[in-house]
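Reading through the structure tokens given below for one structure.
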Amino acid sequence: MIEYQYTVTDPSGLHARPATLIAACCMNHKSSVHMVNEDKFIDAGDVLAVMGLYAKHGQKIMFYIDGEDEEETLADLKSTLERL
């Protein structure tokens with residue numbers, strides 16, 4: 001299992017567009033990806049769940065990646081997050 005911490009950089013937080021990009025990225029891999037914000041633990045492949053985190057600018061999000069292609073998943077996820 002890989003843990004990765006991300007700080008939300010979008011001034012609007014994780015709204016529909018970034019949530020869609022994150023979910024799409026996670027769905028393209030075999031590994032399971034979960035996100036934690038404060039006390040919410042969600043499946044990162046579910047766009048509505050990602051939006052439901054209500055993550056605001058500057059908040060720290062933890063990603064937990066577990067599976068056979070976790071290194072590749074993390075690299076793709078980092079690339080996606082850099083484009084937000």
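Could you please give the count of residues in region 1-21 that are in a loop (DSSP other than H, G, I, E, B) and either out of contact with any strand residue (DSSP E or B) (no Cβ under 7 Å at 6 or more places or on another chain) or under 11 Å from Ala55 (Cα atoms) (or both)?
8
From Ala23, Ala49, which residue is surrounded by 13 or more Cβ atoms within 10 Å (Cβ to Cβ) and under 20 Å from Met1 (Cα atoms)?
Being surrounded by 13 or more Cβ atoms within 10 Å (Cβ to Cβ) and under 20 Å from Met1 (Cα atoms) holds for just one of Ala23, Ala49, which is Ala23.
Would you mind stating whether Phe41 is crowded, with 19+ Cβ neighbours inside 10 Å and of a type in the set (Phe, Trp, Tyr)?
So Phe41 fails the test.
Which of the residues that make up region 27-38 are open to solvent by 10 Å² or more (accessible area, probe 1.4 Å) and either among the hydrophobic types (A, V, I, L, M, F, W, C) or within 20 Å of Glu68 (Cα to Cα) (or both)?
Once the filter is applied, which keeps residues that are open to solvent by 10 Å² or more (accessible area, probe 1.4 Å) and either among the hydrophobic types (A, V, I, L, M, F, W, C) or within 20 Å of Glu68 (Cα to Cα) (or both), region 27-38 yields Met27, Asn28, His29, Lys30, Ser32, His34, Val36.
What tally of residues in region 52-84 results from selecting those that are open to solvent by 70 Å² or more (accessible area, probe 1.4 Å) and assigned to a helix (DSSP H, G or I)?
Selection size over region 52-84: 4.
Select from region 25-50 the residues that are closer than 18 Å to Arg83 by Cα and either of a type in the set (S, T, N, Q) or in contact with a Ser or Thr (Cβ under 9 Å, 6 or more places away or on another chain) (or both) and list them in ascending order.
Correct list: Cys25, Cys26, Asn28, Ala44, Gly45, Val47, Val50.
The values are calculated or read from the model by the stated rules, or taken from the named source; none is laboratory data. If you're wondering where the values come from, they're calculated on a predicted model, not measured in any experiment. Cβ atoms come from the backbone with ideal geometry, glycine included; neighbour counts cover every protein chain shown. Each accessible area value is taken on the protein alone, full model and side chains, heavy atoms only, with ligands, DNA and RNA left out. Shrake-Rupley method; radii C 1.70, N 1.55, O 1.52, S 1.80 Å.
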